[in-house]
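Report on the following structure.
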Amino acid sequence: MDGVFVVNKPRDITSFGVCAMIRKLTGTKRTGHTGTLDPMATGVLVVCTGSAGRLIEYMPEKVKRYTAGIGFGYVSDTQDIWGSVEERTAPSFDLAQLEKAMSSLTGTYMQKTPAFSARKVNGRALYSYARAGEDVPPVEKQVTVESIDILDFTGTGAVIDVVCSRGTYIRQLISDAGEMLGCGAVMTSLVRTSTDGFDISEAHTPQELARAAQEGVLGELMLPPDSLIPQIPRFDADASGAARIANGMSLDVSGSGLPDSAVRVYSPDGFIALGEISGGLLKPRKVFK
């Protein structure tokens, strides 16, 4: 099966585990996801099967959205409640002070990468240094946090909605806020509500996918490969032109008025290729028969 599954990942399963489940349900050897979720996180995980994975590198850089829970007055080696948690200082701030701290964490800036993360330095994941008790190399990455909205505040905890760029660590953001507020803070929950243009409202649980597979209707829950690249312009070829593209041959489109650009190529029967127009010639880049 060649396509895209939007999965609502539950807690306590890895992103790799979700891919393995999809692999088993579809009988497709090639599966991959477009962005990892940690085991304790839930929400949208986009899984590509078969040839759809060949389009991941052409996906647009879209923002991600998360709902995160916060516990104030604590610190943790992993910056969440799943690590070694220590009580620090009882929180003594109000909503206005919390709003000010969160506002200061919006914008584009260099964010410290957590010690317990999979980012690699010298061929090793940072968490391997931390687990071995070694000094963790300091790493920063430019991120953009578009907005942070406070959905709930109890004085000792909060729930926030964050819209941010790929590679932003929400637990680091929460830890930074705790430092600003002088009491420490840890992440208590994390739900990815949208990623890569896919929303949690269209995601399916593993149970729903397994049930659909049992009933022989799993394909109805699968999106086509081209759903990964809606930003690329569309080109509709007639039957003869589509046949040339499908066979890896160029097509003269000089009379079409189309500019030089990447295009999604469609035959009368549907999506067949990712191509590129240059100098009036359409050349296939990736063919999907």
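The values are calculated or read from the model by the stated rules, or taken from the named source; none is laboratory data. Just so we're clear, the structure is a prediction, and the values are computed from it rather than from any experiment. Please note: Cβ atoms are built from the backbone with ideal geometry, for glycine as well, and neighbour counts cover all protein chains shown.
Observations
- Selection of segment 96-108 for residues being under 25 Å from the mean Cα position of the chain (by Cα) and either closer than 19 Å to THR36 by Cα or surrounded by 13 or more Cβ atoms within 10 Å (Cβ to Cβ) (or both) yields MET102, SER104, LEU105, THR106.
The rows are residues; the columns are (1) assigned to a strand (DSSP E or B); (2) outside the structural domain of PRO259 (by TED's automatic domain parsing).
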| site | (1), (2) |
| --- | --- |
| LEU173 | no, yes |
| VAL186 | yes, yes |
| LEU190 | yes, yes |
| GLU208 | no, yes |
| ALA212 | no, yes |
| SER240 | no, no |
| ALA243 | no, no |
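- In segment 1-21, the residue that is surrounded by the fewest Cβ atoms within 10 Å (Cβ to Cβ) out of those that are within 23 Å of VAL186 (Cα to Cα) and not polar (S, T, N, Q) is ASP12.
- Residue in segment 27-45 that is surrounded by the most Cβ atoms within 10 Å (Cβ to Cβ), counting only those that are in a loop (DSSP other than H, G, I, E, B) and touching a Gly at 6+ places or on another chain (Cβ under 7 Å): LEU37
- Of residues in segment 238-282 being within 27 Å of the chain's Cα centre (by Cα) and hydrophobic (A, V, I, L, M, F, W, C), the one surrounded by the most Cβ atoms within 10 Å (Cβ to Cβ): VAL265
- Candidates PRO206, PRO225, PRO230, filtered to the one that is within 20 Å of the chain's Cα centre (by Cα), over 17 Å from GLY43 (Cα atoms) and surrounded by 13 or more Cβ atoms within 10 Å (Cβ to Cβ): PRO225
- In this entry, LYS24 passes the filter for residues that are surrounded by fewer than 18 Cβ atoms within 10 Å (Cβ to Cβ), without any contact (Cβ under 8 Å) to a residue 24 or more places away in the chain and not in a strand (DSSP E or B).
- Residues that are farther than 28 Å from GLU61 by Cβ and surrounded by 16 or more Cβ atoms within 10 Å (Cβ to Cβ) within segment 209-222 comprise ALA212, ALA213, LEU218, listed in sequence order.
- Counted residues, segment 1-46 - those being within 16 Å of LYS64 (Cβ to Cβ) and β-branched (Val, Ile, Thr): 7
- The number of residues in segment 114-130 being in a helix (DSSP H, G or I) and closer than 22 Å to ILE174 by Cα comes to 3.
- Residue check for SER201: in contact with a strand residue (DSSP E or B) (Cβ under 6 Å, 6 or more places away or on another chain), of a type outside the set (A, V, I, L, M) and either assigned to a helix (DSSP H, G or I) or surrounded by fewer than 17 Cβ atoms within 10 Å (Cβ to Cβ) (or both): no
- Within segment 34-51, tally of residues that are under 16 Å from the mean Cα position of the chain (by Cα) and at pLDDT below 95: 7
- Some residue of segment 177-188 being of a type outside the set (Gly, Ala, Ser), over 18 Å from LEU105 (Cα atoms) and either touching a Gly at 6+ places or on another chain (Cβ under 6 Å) or surrounded by 16 or more Cβ atoms within 10 Å (Cβ to Cβ) (or both): yes
- Screening the candidates VAL163, VAL159, VAL145 for the property of being farther than 19 Å from MET180 by Cα, outside any loop (DSSP other than H, G, I, E, B) and among the β-branched types (Val, Ile, Thr) yields one hit, VAL163.
- Pairs with Cβ under 9 Å, 6+ apart, first in segment 190-208 and farther than 23 Å from PRO60 by Cα and in contact (Cβ under 8 Å) with a residue 60 or more places away in the chain, second of a type in the set (Lys, Arg) and assigned to a helix (DSSP H, G or I): LEU190/ARG171
- Residue within segment 21-42 that is under 22 Å from VAL7 (Cβ atoms) and assigned by TED's automatic domain parsing to the domain that holds LEU190 present: no
- Cβ pairs under 9 Å, 6+ apart, first in segment 133-154 and at negative phi, second of a type in the set (Phe, Trp, Tyr) and in a loop (DSSP other than H, G, I, E, B): VAL136/PHE116; LYS141/TYR169; VAL143/TYR169
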